[in-house]
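Read through the structure below, which is laid out as structure tokens, and then see the notes.
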Amino acid sequence: MFETDVLDRALKSRRGQRNRERVALIDQVVSALRVCREKYGVREAFIVGSLLIAHRWDDKSDVDVAIGGASERVLDVMKVVEDAVKRDVDVIDLDLHRSADRFREKGMKIYG
């Protein structure tokens, strides 16, 4: 029989490291979104998508956020968050999206 103890420990260690990176990234996104609240008057902000789900997020994943109250500043918010996290960022405009309530219900509320 094939022993997998070493492989199992390595995979568990990698999952733990990836989750620590994910949690740190969440903190960076939260900080960036708080800057956007002050700088651009964003009324509400949420983190959505794979960043919230440990087993779905990996080091190639982008960051998804949803904002309300600043439709004209979506690209500015995207730039602030991208600069903070050094990853691609998708910004969902809750004021224009037809499924905005779904993001509000399932997302991680930062403020609003």
Restricting to lysines and to Cα separations under 23 Å from K39, and discarding same-chain partners fewer than 8 apart, the set is K79, K86, K109
FRET efficiency (S99, E72; Cβ distance; R0 25 Å; to 0.05) is 0.75
Could you grab the Rg to Rh ratio for the chain? Cα atoms only, Kirkwood for Rh.
1.11
Have a look at A24, L96, L51 and report the one farthest towards the positive end of the charge dipole of the chain, computed about the Cα centre with Cβ charges (Lys/Arg +1, Asp/Glu -1).
A24
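Readers should treat all values here as calculations from the given coordinates under stated rules, not as data from a laboratory. Everything numeric here is computed off the predicted structure, so don't read it as measured data. FYI the Cβ positions are ideal-geometry reconstructions off the backbone, even for glycines, and counts take in every protein chain you see.
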